[in-house]
1. Set the Förster distance to 45 Å, then compute FRET efficiency between Lys217 and Phe111 from the Cβ-Cβ distance, nearest 0.05.
2. To the nearest 0.05, how large is the calculated FRET efficiency for Asp18 and Met256 if R₀ is 41 Å and r is the Cβ-Cβ distance?
3. What Kirkwood hydrodynamic radius, in Å, does the chain give when the mean of 1/r is taken over all pairs of distinct Cα atoms and then inverted?
4. How much net charge surrounds Tyr277 when only the other residues with a Cβ under 13 Å from the Cβ of Tyr277 are counted, with Lys and Arg +1 and Asp and Glu -1?
5. Past 30 Å, Cα to Cα: identify those pairs from Lys192/Lys226; Lys110/Lys278; Lys209/Lys255; Lys209/Lys287; Lys165/Lys222, in the order given.
6. Counting only residues 5 or more places away or on other chains, whose amide H sits under 5 Å from the amide H of Ser50 once H atoms are built in the peptide plane?
7. So how far apart, in nm, are the two label points at Glu286 and Asn36 if each is 7 Å from Cα heading toward Cβ?
8. Most fluctuating residue of Gln85, Gln180, Gln271 in a GNM of the chain with Cα springs under 10 Å: which is it?
Amino acid sequence: MPKVERVIAENLNLAIEDVVEGLLQASGMTGRIPTNVGEILGYLDLKQLSFDFMRELDFMPELIEKRDIRAVLSYNDRIIATQRQLHRNQTVFSTLHEVGHYVLPEHVQKFYVCSIEDLSFFTKLRLEAEANKLAANLIFQLDHFAIEANSFPLGCNVITDLAGKYGTSFEATARRYVEQHSQPCALVVYDKVEKHVEGLEFDEFPGFKVQYTITSKSFREKFFTKILEEKIIPGESSVYEACKKLDVTQTVENKMSITIVGKGEFMFNSQLFTNGYKVFRLIYPEKL
């Protein structure tokens, strides 16, 4: 049993951050960007396989929707299996999620089958959220990412540059960037909606809605925690201007007036970019 596993087994109150720090140090990955999953697996003596879960895992219980499976951990076999069709960034996150189940206290099942929902930012299951947190902390190497991100002026270009460097998705990078930024800033994520919405026509454009908002600590203390409502007019809103861009490095910049309940109207700087699926808006005060 590797040393980190023994320490965890003997100290069940260890924080996730402590476990991550131990894994990074023991595997020799501290400060080496991007995090090499193979080094982590090698240290833990885990093997990684890939499958088409729909076709190749007939032994899976019928009650499990195989099409939704992203990753599997077999504790006794020391095997992590991931869906073969995943993109590289998805494979990395899914693998490290299963590492979380393998090493974290209270994650005592011998067999984990994790779905798209389990690995989602929105999961409601505590153990899945813990495994997601460990995976993200391994990828972003705890505060290493935040220190680097804060060394640059605020801007979407920092998000897209660091996503490539750390080997993670633009969405996950944007969330981490805002969550851990020392300056007041917010991220508004827009997702596409069905074209048939009462009162609106989307003949030439997809429909968009605010999916969620992320804020830095200083931003939510001074302004707000989330966008409650935004009128997104097809073809006119800057969200649509951004969605037509062909490259993540092509940003749309404008000013955005936001009425905050109980505080009045404020003007913010706004930068938007798209990953081809969603649109991301970085918001920060005109005067920092």
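We did not get these values from a lab; they are worked out from the coordinates using the rules stated. Predicted, not measured: the structure shown is a model, and the values here were computed from it. Methodologically, a virtual Cβ is constructed for each residue, glycine included, from the backbone with ideal geometry; neighbour enumeration extends over all protein chains shown.
1. Between Lys217 and Phe111 the formula returns 0.70.
2. Efficiency for this residue pair is about 0.55.
3. With all distinct Cα pairs of the chain included, I get 20.7 Å.
4. Taking every Cβ under 13 Å from that of Tyr277, the sum is +1.
5. In this structure, Lys110/Lys278; Lys165/Lys222 exceed 30 Å between Cα atoms.
6. Here Thr82 satisfy the definition.
7. About 5.1 nm separates the two model spin labels.
8. Gln85
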